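Okay, structure first, notes after.
The values are calculated or read from the model by the stated rules, or taken from the named source; none is laboratory data. What you see is a predicted model, and the numbers here were worked out from it, not measured in a lab. Every residue, glycine among them, receives a Cβ derived from its backbone with ideal geometry; neighbour counts consider all protein chains shown. Side chains included, ligands, DNA and RNA excluded: accessible areas come from the protein's heavy atoms. Shrake-Rupley method; radii C 1.70, N 1.55, O 1.52, S 1.80 Å.
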Amino acid sequence: MSIIHLRDIVKEFRVPKRHPGKFGMLRALLAPEYSVKRAVDTISLNIEEGEIVGYVGANGAGKSTTIKMLTGILAPTSGTIEVAGLVPWRQRKRNALNIGVIFGQRSHLWWDLPLIESFKLIARIYGVPQAKYRANLELFSSLLDIGDFIETPVRQLSLGQRMRGDLAAAMLYEPHILYLDEPTVGLDVLAKERIRGFIEEINSSTNTTVLLTTHDLSDVERLCPRIIVIDRGRIIYDGSVAELKRRYTKKRLLTVQLEGEETLLELADATVVRRQGAKIWLEYDPDAVTVASLISAISQRHQIVDLSVAEPELEPVIRKIYEKGLHEEFIVH
Amino acid sequence: MKSSLFTRAAAYLQIVSMGAQITFVYRSNSIFQLASVLFQIYLLKVIWTAIYMQQGINNQVHLQTLISYLTLANLQTWVFTPTITEYLQQRIRTGAIALDLAKPISFPGQLVARQLGTTLSLLPFVLIALPLAFFAGGLQLPASGAAIIYYIVSCVLSYLVVALMGLLMGLLALWTFEVTGIQFIYRFVNQLFAGALIPLWLFPPILHTVAAFLPFQAVAFLPVSIYLGQLQGAGITAALAIQLAWVVVLYLFAQLVWYRAQRHIVIQGG
């Protein structure tokens, strides 16, 4: 039995209609009309215990709405939802004991008080035994390096420090499931890396299930074997990151720098897509030709100074999906 | 890990403590508030003394008693200011309420505990204020030993009325997003009908009747009247009964509104 189970989940919101013109506001006040907006449209998915899943989509695609339904603060319009055997919106408080939540733009921490006070509160709310509390605090101090600022009021923390504090708060009571809604938003490279390392660590050491939404696809590439792509409320891809890349990155890019600038390159299996001085970008199909044979073909005729093969990246793939939808065939490099 | 009665009590206690710590962080704010309350008490004393000097006023109550009444009523109204409203509005506006609801303990419970912390942290300020208030206004000793005990009981009920009214106003923000205007009205109506500016016994009959049907008299007028011995015997029992009735009514109303609020959030996303 999957730890997270969604079947045919629909979530609709009623949004008040606005009327243009002089009396539009008056009309909206006296006789409000509503239109129905479908934020999540018939989503089904299963997540097994211990998985780390990337949940990706453009702004307004329905990611946060899904997370809110999983935490129980939103009820689905229709469909069934189960998290660790509970129906979140019916058993919100019991469900809360099983989950940890991070919303990147908001904080669990008490703004005016030292970080440690928020930790104490979390420990009491979730009934964490004293010994476990100390052990976890020590563990997080080393993993997230929060020891230096644990006595500092939260309002004086940097965004990266605050996010580390929030992560520690969410894991202090060792929930089975961790929902991370944009945990790396606005952070610098080092802070991001620290947070990714922490997620990886708790997932492997305690088998915590992680659902991660993010706009930074390097988060997904670094952490998630599996990715779910949502677009306009619908799941358009659910599978491995590797497969998604394989499917949509048909062509690869090889960059070579040759000695001298006179070089003219004519190859049967690759085409020159760009040229800058002695630097040449070649596009090739990895199904038709291997990099090795390509390189040896070039080096037979020219002197190679430098070369690099671009690893296929997730980002351009996802960008194309946002632009065109998955149904259309496209190639990215 | 589970949420037993014991862990919940420990959690609420921690919130009370944190609420108190926040007042301490912003202690200069409390000192300014206190100064303004003392100034108001002083002005009321000057004005009422001048009024009492006029001929033809029906001064059935001794001036000294009246000034004691105003002093105590204003101090109490200050300490019992609801902070829930503003806090709740801010949680709703920023969407942080989503995090509050994702916790395994009751959200209104969290709010009331926080309010209690703020109030308790003001008590040291009251200790400083009492001698100052004595000079700014005037203060007589409680009418009797029994009066002080009934006064304390009455204050507890008064406090519950304030907290519940604050909660109800804050919850309105779920539908209106903005409760500053409502708070403005509340502050004015509360000061007037709690009897912090003019004691209710001086109200014209119609306003007196209106005041009797509003919860605000439970905030300051009734407890202070008990303290000063203006209510005796059956009068005290009636006053406590009125306060208790308001606590029950407001509690049930808050339950209803909170139930609707949760539905609103769960269906509309706040």
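Considering segment A:80-124, the residues that are free of Cβ contacts under 8 Å to residues at least 40 places away in the same chain and aliphatic (A, V, I, L, M) include one that is farthest from B:Thr7 (Cα to Cα), namely A:Val87. Taking each residue of segment A:282-300 that is among the polar types (S, T, N, Q) and looking for partners that are open to solvent by 50 Å² or more (accessible area, probe 1.4 Å) and part of a loop (DSSP other than H, G, I, E, B) with beta-carbon atoms closer than 7 Å, six or more apart or interchain, yields nothing. When residues in segment A:122-160 are screened for being in contact with a Pro (Cβ under 8 Å, 6 or more places away or on another chain) and either within 26 Å of A:Ser64 (Cβ to Cβ) or assigned to a strand (DSSP E or B) (or both), 4 of them pass.
Of all the numbered requirements in (1) open to solvent by 20 Å² or more (accessible area, probe 1.4 Å); (2) aliphatic (A, V, I, L, M); (3) within 14 Å of another protein chain (Cβ to nearest Cβ), B:Ile265 misses one, and that requirement is (1). Scanning segment B:80-110 for residues that are away from chain A (no Cβ under 14 Å) and open to solvent by less than 10 Å² (accessible area, probe 1.4 Å) turns up B:Ile84, B:Thr85, B:Leu88.
Within segment A:12-32, if we keep just the residues that are closer than 30 Å to A:Met69 by Cβ and of a type in the set (A, V, I, L, M, F, W, C), the residue that is surrounded by the most Cβ atoms within 10 Å (Cβ to Cβ) turns out to be A:Phe13. Counting residues in segment A:170-178 that are in contact with an Asp or Glu (Cβ under 8 Å, 6 or more places away or on another chain) and touching a residue at least 12 places away in the same chain (Cβ under 8 Å) gives one or more. Filtered by the rule that a residue be among the small types (Gly, Ala, Ser) and surrounded by fewer than 21 Cβ atoms within 10 Å (Cβ to Cβ), segment B:202-236 gives B:Ala211, B:Ala212, B:Gly229, B:Gly233, B:Ala234, B:Gly235. Across segment A:1-11, the qualifying residues are those that are surrounded by 11 or more Cβ atoms within 10 Å (Cβ to Cβ) and not in a strand (DSSP E or B), and the one among them that is modelled with the highest pLDDT is A:Ile3. Just one of (1) touching a strand residue (DSSP E or B) at 6+ places or on another chain (Cβ under 7 Å); (2) within 9 Å of another protein chain (Cβ to nearest Cβ); (3) buried (at least 17 other Cβ atoms within 10 Å of the Cβ); (4) of a type in the set (Val, Ile, Thr) fails for A:Val128. It is (1). Looking at (1) open to solvent by 60 Å² or more (accessible area, probe 1.4 Å); (2) under 23 Å from B:Asn29 (Cβ atoms), find the lone condition where B:Ile149 falls short. Failed condition: (2).
Taking segment A:99-111 as the range and being buried (at least 20 other Cβ atoms within 10 Å of the Cβ) and not aliphatic (A, V, I, L, M) as the test, the residues that pass are A:Gly100, A:Phe103, A:Ser107, A:His108, A:Trp110. Across segment B:6-48, the qualifying residues are those that are open to solvent by less than 40 Å² (accessible area, probe 1.4 Å) and of a type in the set (Val, Ile, Thr), and the one among them that is farthest from the other protein chains (Cβ to nearest Cβ) is B:Ile41.
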